[in-house]
Amino acid sequence: MTSAPTPGTRRPPGPWRTAAADLLRNRPAMAAAAVLLFVVLASLCAPLYADHIAHTDPFQSHVSGTTVVDGRTVPVLTPSSTGLGLGVTPIGPTWDPAHYFLGADNQGRDVMARLLYGGRTSLFIGVTAALLTCVLGTAVGVVAGYAGGVVDAVISRILDVIWAFPVYLLAICLSVVLLTDGLRLGPLRVDAGSLWLPVTIIAAIYVPYIARPLRGQVLVLRNKEYIQAAVGSGAATPRILRREVLPNVVPTAIVFVPLMTALAMLTESALSFLSVGVQPPDASWGTIIQDGLGLLYTRPAVTVAPGLLIALTTAALNVLGDGVRDTLDPGARLRGGV
Amino acid sequence: MPLFARRGALAAATVALTLTAGCSSSDSGSSSDPSASSSGSGSSAFQPQHKGGTLKLVAHAAAGSLDPQVNYTLQYWQLYQSMYDGLLAFKKVGGDRSFTVVPDLAAAMPKVTNGGRTYTFTLRKGITFSNGKALTTDDVVASFERVFKVSSPTAGTFYNGIVGADACLKKPASCTLPKGVTGDAGANTVTVNLTAPDPEFAYKLAVPHASVVPKDSPAKDSGTKPLPTTGPYMAASYDPNRALKLVRNPHFKEWSREAQPQGYPDAIDYTFGQTVESEVTAVENGQADWMYDAPPADRLDEIGTKYASQAHVNPLTAFWYATLNVNMAPFDNKLARQAINWAVDRSAVVRLYGGTNLASPACTILPPGFPGHVDECAYTKGGGTTWKAADLAKAKELVKRSGTAGQEVGIVVQDDDVNKSIGQYLQSLLTQLGYKATLKPLSGNIQFTYIQNTKNKVQLALTSWYQDYPAASDFLNVLLSCASFRPGSDSSINISGFCDKGVDARMRTALTTMQTDPAAANKQWGALDQDIMAESPVVPLINPKMIDFTSTRVGNYQFSKQFYMLVGQLWVK
């Protein structure tokens, strides 16, 4: 028997609203979210900075270009004039947003502009790959856990095989192979230079990391009384999955999103650093670190700046992820993590 | 280096051979080559107090096969100077005299007869391979046949004039040269018959592809398995992913200091796999004695100032260039090829290479100071004899006219810092011109052979060419003749696939003229250079200089213009 709410009394907040309120009270998580928001907004403003402030194309080489420092026109790449006169050094940080704020790389490109564009790429790949991983992992975990039997056995063994490979080794192998001709898998076609290629590779290699814990959760859920009751009352499997199982596993999947984003960004950076991730002229923080490697002695800012941003962003994502976990799955904190 | 000096060197060598054709050589070991005999004073005496120690060399990557008749890289040709010998050799000294050809395994310069078609060599006696077997005329004959059996990269260009070479080029596996190269064990002589006089044949016999190896050497690329040597060093072990170790050849006895001097170090350790940055640091710290690779841009200033006394900068008769595949879109279109030549900012490439003290902009295929070179710049804004500036507007117009805008272009470069940064620049430039350019960096171990094979469908590759010997044909005939284009082969040095019958005929004429009138021939080569550039199968980028960065303990540095630093002559004690 139900009764209509009494006029004048407040309806108790739903679980999502409660979780949001809890999250807002979590100061470290909010600080991390603020950092992330800043990084995202700055990255989104990359074209604005490049076109209207720095007036530069960060994807085009400016090897013979010039710029203005303290009112003087100077070459972006300066030939050495001491000793044997060997070598050419890119301009260092000028701290002038209009003229190579963080200096130039070995192609004479504005490092600040590339950092902002690189942020867009790294965040895009990180977030997209994480979402894709979570969606695929949830689907695979739910199907395997609920179906059981042969289906579960087959899916679990495939996950075991993927799990057996060192994750970076697998990513590098897939990238090296797919970078030649792109990915052609039925209707799925991803060009070799496309950003969707690292997204697909990273998403694929991390699926077991989501699918396996969720499968375990579903294995427990399918024996719960309310699921058994739904089965006994003749509810169709899709309905049971949608109405009874998914609502219980989605919070866990959501907890994974920020953590997977951090992991995906680190993986992308590593692949790009090894020249098998984002392909030039596209920039990501990983490719910028690689560009700066040859300038480590003379222009360390080219390497240090994206390195700091990667560290800052992934740390923020991890703190936020912890906050989300504490909010959506308080028991996990007691268990020592998700 | 002044133009006349190089021309003088070539003329001297050519005249020497012409003179030899009318002279009888003695078996005394003295040379009938005037330039060779007059240059003996340049060979400094061996200083035994510096003998010993291990010379430690480092490189980012190995250079592939160790087979001297197959490998075609500067990296190993430099080493082969202390390992293998041919009938003739370039004099192993520093400076211009290093272009002089002297007798090596031959006791004297050859007796040239039959109108320049027959070369008769008398072998030195008492020379032994590192496996203990004595050198015989059979080894020499078998080595010439092996050049074809292993499909040596220059088999079709350097040695195609030997009688019977045509059949060998068609069926390498069953190659015999019964009328081309014959040995007389009794007289200890080897006779080489040519189909036509070749004024550059002495040079061709002095490069590593003409090395003499034992007659029982495998009739295929020996790869990582070292072949026995005649020189002062032999390979004790070779792993292209790790290291090459050279030790003294126990059977070596110096027979000619100018052709094959004994070496100073007891062993030479060549380590691979380090980054170029760590190579520089290793040399600075004395952990390595020399690095093969060009130092990275960010270390050059440091080398040029703090370690200036350890840096040796030498100009090279070489050029770095981009190959444009004339048989594949978009560069099967001449306008598209010309557009690239107009667009490339050579001064930008000079900067990426390390600045004006390390390279100069290139306009022609033949390097400045090289026989046949003409100061003319077809693709510079405003025209002139030297490169001034790129003309991007003209390049864009040509791309538009060619109708190739929007097409995909793959750029294949080596994966070291300098090559990759030039590749990135080219990618940026091609994007500006409207192409969809992608960059493919490959290990130096495989890039050079990869870009030669047409099966890999390379559209644009960055590579470089360092002279084999001081003659214009070594650039134009070797790099851009029809004979050098071998579809489907890893040994197709005409990477652009440029084959113009008319140009080929003119090259043959220039080669013929070279026998009688080197000056006129060089004019012909100069004109050919200009005409080939009008077709634009390649984009000359820079003429480099070389930095040899050595450790403080290294002494007796000598730079041969032919094969660069004389590795075996360095001392570490």
I'd like to verify a number: residues in the range A:180-231 that are polar (S, T, N, Q) and over 30 Å from A:Tyr117 (Cα atoms), how many?
3
Do you know which residues across the range A:273-305 are among the small types (Gly, Ala, Ser), within 13 Å of chain B (Cβ to nearest Cβ) and within 26 Å of B:Gly434 (Cβ to Cβ)?
A:Ser275, A:Ala283
Considering only the range B:460-573, give the helices (runs of 4 or more DSSP H) lying wholly within it that have at least 1 residues that are in contact with a His (Cβ under 6 Å, 6 or more places away or on another chain).
none
Residues of the range A:15-40 being surrounded by 17 or more Cβ atoms within 10 Å (Cβ to Cβ), among the aliphatic types (A, V, I, L, M) and over 16 Å from the mean Cα position of the chain (by Cα), in sequence order, are A:Ala19, A:Leu23, A:Ala29
Filter the range B:401-456 for residues that are assigned to a helix (DSSP H, G or I), hydroxyl-bearing (Ser, Thr, Tyr) and within 24 Å of B:Asn494 (Cβ to Cβ) and give the result.
B:Ser402, B:Thr449, B:Tyr450, B:Thr454
Return a yes/no flag: does the range A:115-136 have any residue that is under 18 Å from the mean Cα position of the chain (by Cα), among the charged types (D, E, K, R) and not in a loop (DSSP other than H, G, I, E, B).
yes
Yes or no: A:Val140 β-branched (Val, Ile, Thr) and under 18 Å from the mean Cα position of the chain (by Cα)?
no
Subset of the range A:81-110 that is in contact (Cβ under 8 Å) with a residue 24 or more places away in the chain and not in a loop (DSSP other than H, G, I, E, B) - its residue that is nearest to the other protein chains (Cβ to nearest Cβ):
A:Thr89
With the range B:300-362 as the region, which strands (runs of 3 or more DSSP E) entirely inside it contain at least 2 residues that are modelled with pLDDT of 95 or more, buried (at least 22 other Cβ atoms within 10 Å of the Cβ) and more than 14 Å from chain A (Cβ to nearest Cβ)?
B:318-324
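So that you can scan it fast, the table gives a plain yes or no per residue for (1) buried (at least 22 other Cβ atoms within 10 Å of the Cβ); (2) over 30 Å from B:Gly410 (Cα atoms); (3) at pLDDT 95 or above:
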{"site": "A:Pro238", "(1), (2), (3)": "no, yes, no"}
{"site": "A:Arg242", "(1), (2), (3)": "no, yes, no"}
{"site": "A:Leu274", "(1), (2), (3)": "no, no, no"}
{"site": "A:Pro280", "(1), (2), (3)": "yes, no, no"}
{"site": "A:Leu293", "(1), (2), (3)": "no, no, no"}
Looking at B:Thr157, B:Thr113 in this structure, which one is of a type in the set (Val, Ile, Thr) and over 26 Å from B:Trp77 (Cα atoms)?
B:Thr113
Out of all the residues in the range A:125-139, which are of a type in the set (Ser, Thr, Tyr) and surrounded by fewer than 24 Cβ atoms within 10 Å (Cβ to Cβ)?
A:Thr128, A:Thr138
Go through B:Ala210, B:Ala206 for me and flag whichever is closer than 26 Å to B:Val247 by Cα, modelled with pLDDT of 95 or more and either in contact with a strand residue (DSSP E or B) (Cβ under 6 Å, 6 or more places away or on another chain) or surrounded by fewer than 20 Cβ atoms within 10 Å (Cβ to Cβ) (or both).
B:Ala206
Go through A:Ser175, A:Ser194 for me and flag whichever is within 14 Å of another protein chain (Cβ to nearest Cβ) and touching a residue at least 60 places away in the same chain (Cβ under 8 Å).
A:Ser175
Please go through the range B:533-546 and give me each residue that is surrounded by fewer than 22 Cβ atoms within 10 Å (Cβ to Cβ) and under 21 Å from B:Tyr469 (Cα atoms), ordered by number.
B:Lys545, B:Met546
Return the residue satisfying two criteria in turn: it lies in the range A:53-80 and is more than 14 Å from chain B (Cβ to nearest Cβ) and part of a loop (DSSP other than H, G, I, E, B), and of such residues it is surrounded by the most Cβ atoms within 10 Å (Cβ to Cβ).
A:Ala54
Subset of the range A:117-145, residues within 18 Å of A:Ser269 (Cβ to Cβ) and free of Cβ contacts under 8 Å to residues at least 60 places away in the same chain, comes to none
Neighbours by Cβ (under 8 Å, 6+ apart or cross-chain): first from the range A:146-169, assigned to a helix (DSSP H, G or I); second loosely packed, with under 15 Cβ neighbours inside 10 Å
A:Tyr146/A:Thr237
Hey, B:Thr154 hits all of (1) part of a strand (DSSP E or B); (2) within 29 Å of B:Tyr450 (Cβ to Cβ) but one; which does it fall short on?
(1)
What pairs come out if I take residues in the range B:419-434 that are farther than 17 Å from B:Pro361 by Cα and pair them with residues that are surrounded by fewer than 24 Cβ atoms within 10 Å (Cβ to Cβ) and aromatic (Phe, Trp, Tyr) whose C-beta lies under 8 Å away, six or more apart or interchain?
B:Ser428/A:Phe59; B:Thr431/A:Phe59
Close pairs (6 angstrom Cβ cut-off, 6 or more residues apart or separate chains): away from chain A (no Cβ under 14 Å) in the range B:261-277, of a type in the set (A, V, I, L, M) and in a loop (DSSP other than H, G, I, E, B) anywhere:
B:Pro265/B:Val572; B:Phe272/B:Ala61; B:Phe272/B:Ala62
First in the range B:287-299 and facing chain A (nearest Cβ under 7 Å) and crowded, with 24+ Cβ neighbours inside 10 Å, second anywhere and assigned to a loop (DSSP other than H, G, I, E, B) and charged (D, E, K, R), Cβ under 8 Å, 6 or more apart
B:Asp298/A:Arg299
Sole miss for B:Gly132 among (1) surrounded by fewer than 17 Cβ atoms within 10 Å (Cβ to Cβ); (2) of a type in the set (Gly, Ala, Ser); (3) at pLDDT below 95 is condition (3)
Return a yes/no flag: does the range B:388-399 have any residue that is more than 14 Å from chain A (Cβ to nearest Cβ), basic (Lys, Arg), in contact (Cβ under 8 Å) with a residue 60 or more places away in the chain and surrounded by fewer than 24 Cβ atoms within 10 Å (Cβ to Cβ).
no
Restricting the range B:176-224 to residues that are among the hydroxyl-bearing types (Ser, Thr, Tyr) and assigned to a strand (DSSP E or B), which is farthest from B:Val147 (Cα to Cα)?
B:Thr189
Residue selected from the range B:162-199 under the condition touching a helix residue (DSSP H, G or I) at 6+ places or on another chain (Cβ under 6 Å) and over 21 Å from B:Thr136 (Cβ atoms), by the criterion modelled with the lowest pLDDT:
B:Pro199
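The values are calculated or read from the model by the stated rules, or taken from the named source; none is laboratory data. In this text the structure is predicted, and so the values were computed from the model without any measurement. Cβ: placed from backbone, ideal geometry, glycine included. Neighbour counts: every protein chain shown.
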